[in-house]
Amino acid sequence: MTRLVYNSKEASALLGVSISTLLRITAAKKLNKTRISCKRVGWAHEELERFIENNTSDSRSSTIGGSFED
């Protein structure tokens, strides 16, 4: 069963980035965090999947280097 919310260590491992990079991505509003309590935040599994899908090289190649039809 997939977890619904990940802490910073788990989320950064899932994305393959450091915790500081995870926090920079979040601060840049490219990834949304979820407030768990007044002192804790987490990242939803669906949000992490969305970020991965939107930032993989396969999805970029179709929009950046795609072919044009005459």
What residues have an amide H closer than 5 Å to that of residue 5, excluding those fewer than 5 places away on the same chain, when H is modeled at 1.01 Å from N in the peptide plane? 45
How much of the accessible area of segment 8-57, probe 1.4 Å, is carbon plus sulfur, in whole percent? 53 percent
Quick one: net charge of residue 9's neighbours, Cβ under 15 Å, K/R +1, D/E -1? +2
Output ³J(HN,Hα) for segment 21-30: one whole-Hz value per residue in order, computed from phi by the Karplus curve 6.51 cos²θ - 1.76 cosθ + 1.60 with θ = phi - 60°, and x for Gly and Pro. 5, 4, 5, 5, 4, 5, 5, 7, 6, 8
In what sequence, highest mean first, do 24-36, 8-20 appear when ranked by Cβ atoms within 10 angstrom? 8-20, 24-36
Using 7 Å Cα-to-Cβ label points, what is the residue 23/residue 45 separation (nm, one decimal)? 2.7 nm
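The values are calculated or read from the model by the stated rules, or taken from the named source; none is laboratory data. Treat the numbers as computed from the prediction; the structure is a model and nothing was measured. With ideal geometry, Cβ positions are generated from the backbone for all residues, glycine too; neighbour counts draw on all protein chains shown. Just so you know, the surface numbers come from the protein's heavy atoms only, side chains and all, with ligands and any DNA or RNA stripped out. Shrake-Rupley method; radii C 1.70, N 1.55, O 1.52, S 1.80 Å.
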